[in-house]
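The structure appears below as structure tokens.
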Amino acid sequence: MCGISGYVGNGNAPEILFDMLKKLEYRGYDSAGIAYITGDGTIHLPKDKGKVDEVRRKLRPERLKSTIGVGHTRWATHGAPSQVNAHPHADCSGEIVVAHNGIIENYVDLKSELSELGHKFKSETDTEVIAHLVEHYMASEKSVLSALEKTLERLKGSFAITVITSREPDKIFIARNESPMLVGLGVGENFIASDAPAFLSKTKKALILEDMDYGFVSKKTVVIKNLSTRKEVKKKVHKITWGASEAEKEGFQHFMLKEIHEEPNAARNALSAEKELEEIAGKLAKKTRICFVACGTAYHAGLVGKYILENYGIPAEAFVASEFRYSTVETMDDKTGVVSITQSGETADTIAAIKGAKKKDAYIASIVNVVGSSVTRISDDVAYIRAGPEIAVASTKAYIGQVLSCTLLSLLVARAKGRISAHEFEHLKSELKNIPRKIKEAVENRRINEIAEENASTKKFFFIGRNINYPTALEGALKLKEISYVHAEGYPAGELKHGPIAILDQDTTVLAITAEGKLRDKMHSNIQEAKARGAKVITVGFECDLDVPKTDPLLSPILNIVPLHMLAYYISVLKGLDPDKPRNLAKSVTVE
Ligand code: F6R
């Protein structure tokens, strides 16, 4: 998500910064910009929405000479792609400029506090508060570094930050928490980037910043401290041995694997949309009918939402958009709330479904990843999952964001309707906060690799689950078939005996998704039925073959899918396929 570049040395900074941004294009972005200081101490801030080359051609920053600056490619999370929302962002005086990758979760509170103190904001971004906070603390602090320290103490969320200022024009100030940042060490020049490919043609020596590291970089010096001690940390110099394309994937073999490892962060970011979801929930609670509408993986997230609402006695339905748009849409009215779910926000069937429902006066709320996409413009309200750009065709981290958002939204509707006790709501909300850590544990389970090896040549797979984990079964099967090209069916476990059990035999592997709760014993009976037909059964869940940490049964779909994403990935790789680019599939299905 977003790309950061920084340069200080003897070369022409504007040219170098744009060259570096070009190397970070694979990260996905909608806007590009740089900030650099010229000899007279002025900061220049050319930026716009569009491709790096277009912005560069239009603004021609290299006309002016400068030896220090920062650059940024933005992938919108707060505020649509536009010139004003593009980074870097300046404070009121224009003397402090900030570029940022990540999400400042408490930016709304900080913005109102700073506005009361007279600060004027130009953009809709969360990032701009950082520039104003540094400005605020510079009034009382002796150095930019101590103003930055004070600023970091106030920030909640994830960030990789670069700051330049005419007050100390020979330094780039930097900080990191949960978003990547590296310093490339040159001779008489230094580089800063979110990822090594940005500077690999200039140097292979790099420092890797850890959480809460901060400091500054000048032509010949790099000073890194850590906020926990405020003391300087001696950083190991890493020699980068990867080629540029491996470095793009941060050392992972594929984007899909990298994105699975980003699932904990995707969960954390989705939780940051609670305010938006609460507003939507208040409106949905007044409707007599709630329908989730989406395609593919996103539809499975909607199904989870439906089961949670039903758990609290609230009627709910989930529809595949391509079916909904030609029949159910006719039954829409102003008493219906439609929740569309879409990563891209550009899926043709989803767009048609919500346009049709809107014509019939239904209320449209959408859970979306791509800010400013078509669905966001059609919807009455939007909650963003903020999973960052998803490059692999098969959706993984966006699904985690979608399931988590649908879960939280449904709990908020139940609360607005008085169907959940305050105690239960608080218990689930605090358990949701543990979910990112538990996803991380699930991702790190090495047993998945072994199970993939044992099953790589299996021809028939069944994924079975009940109730809220029935969507997990559908999603596990979809992921395996789309990237491994093997036959995999997702089924409600109780339906097996109504037909499909006839094809179970010793050449079949059954993935049985379990959860604590009222249906656990029934699931065990279904497992016995499958075993009795000679099928190999792999259990998925807490204390299972594909093991995940314990959580509340209502939240189990968020954890249970993680080993299934990994399993699909490993099987695809073992088959010698490219999981990032499965045949016949497109990332965004913009045609019917
Ligand atoms: C499967 C997958 C697809 C998408 C579907 C909807 O891994 O990614 O099934 O979920 O095409 O796409 P969005 O969410 O962009 O509407």
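Each value in this text was obtained by applying a stated rule to the coordinates, not by laboratory testing. What you see is a predicted model; the values in this text were computed from it and never measured. Heads up, the Cβs are rebuilt from the backbone with ideal geometry, glycines too, and the neighbour counts pull from every protein chain shown.
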With bins of 5 Å, the percent of all Cα-Cα pairs of region 455-570 per bin from 0 is 2, 13, 26, 27, 20, 10, 2
Under the Karplus relation with 6.51, -1.76 and 1.60 and θ = phi - 60°, whole-Hz ³J(HN,Hα) for region 203-217, x at Gly and Pro, equal 7, 10, 9, 8, 9, 10, 6, 9, 4, 6, 6, 8, x, 8, 10
Note, region 539-545: 3J(HN,Hα) by Karplus (6.51, -1.76, 1.60, θ = phi - 60°), whole Hz, Gly/Pro = x, goes 8, 10, x, 5, 6, 10, 4
From the Cα centre of region 1-67 to that of region 357-394, the distance in Å is 30
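By how many nm would the segment from Glu323 to His238 lengthen if fully extended, with 0.36 nm per residue of separation less the alpha-carbon distance?
Details: separation 85, 0.36 × 85 = 30.60 nm, distance 5.35 nm.
Between Glu323 and His238, full extension yields an extra 25.3 nm.
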Mean projected area, convex hull of alpha-carbon positions in region 18-147, reported to one decimal in nm², is 8.2
Among trypsin sites (Lys or Arg not before Pro) in region 496-553, those in a DSSP loop whose Cβ has at most 10 other Cβ atoms within 10 Å are Lys518
Under the helix-only model (-39500 (n - 2.57) for each DSSP H run of 4 or more, divided by the residues of the chain), the mean residue ellipticity at 222 nm, to 500 deg cm²/dmol, is -11500 deg cm²/dmol
Rounded to two decimals, the Rg over Rh value of the chain from Cα coordinates and the Kirkwood Rh reads 1.00
In the chain, helical segments from DSSP H whose Cα atoms cover 20 Å or more along their own axis and that average at least -1.0 on the Kyte-Doolittle scale are 296-311, 397-416, 422-443, 470-484, 556-574
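Quote the Stokes-Einstein diffusion coefficient, in whole µm² s⁻¹, for region 133-272, based on the Kirkwood radius over alpha carbon pairs, a temperature of 37 °C and a viscosity of 0.692 mPa s.
203
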Counting only DSSP loop positions in region 1-64, the GluC sites (Glu not before Pro) whose Cβ has at most 12 other Cβ atoms within 10 Å are none
Most exposed first, judged by fewest Cβ atoms within 10 angstrom, Met523, Met256, Met566 run Met523, Met566, Met256
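Can you give the Kirkwood hydrodynamic radius for region 3-248, in Å, rounded to one decimal and based on Cα pairs?
It works out to 17.5 Å.
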The summed charge of the Phe191 Cβ neighbourhood (under 12 Å; Lys/Arg +1, Asp/Glu -1) stands at +2
For region 52-112 the trypsin sites (Lys or Arg not before Pro) that pass both the DSSP coil test and the at-most-15 other-Cβ-within-10 Å test are Lys65
The long-range amide H neighbours of Val382, using H built 1.01 Å from N in the peptide plane and a cut-off of under 5 Å, are Ser366
With x for Gly and Pro, the residue-by-residue ³J(HN,Hα) of region 224-233, computed from phi through the Karplus equation 6.51 cos²θ - 1.76 cosθ + 1.60 at θ = phi - 60° and given in whole Hz, is 10, 10, 10, 5, 5, 10, 6, 9, 5, 10
Any residue on another chain or 5+ positions along whose placed amide H is under 5 Å from the amide H of Ile96 is listed here as Asp91
Quick calc, Glu453 & Glu153: beta-carbon distance into FRET formula, R0 51 Å, rounding 0.05, result 0.60
Going from the fewest other Cβ atoms within 10 Å to the most, one would list Ser112, Ser123, Ser93, Ser194 as Ser112, Ser93, Ser123, Ser194
At R0 = 45 Å the Cβ-Cβ FRET efficiency linking Gln83 and Arg583, nearest 0.05, sits at 0.70
Rounded to two decimals, the Rg over Rh value of region 261-574 from Cα coordinates and the Kirkwood Rh reads 0.96
Scoring only Lys, Arg, Asp and Glu (+1, +1, -1, -1) among other residues with Cβ under 13 Å from the Cβ of Ala80 yields +1
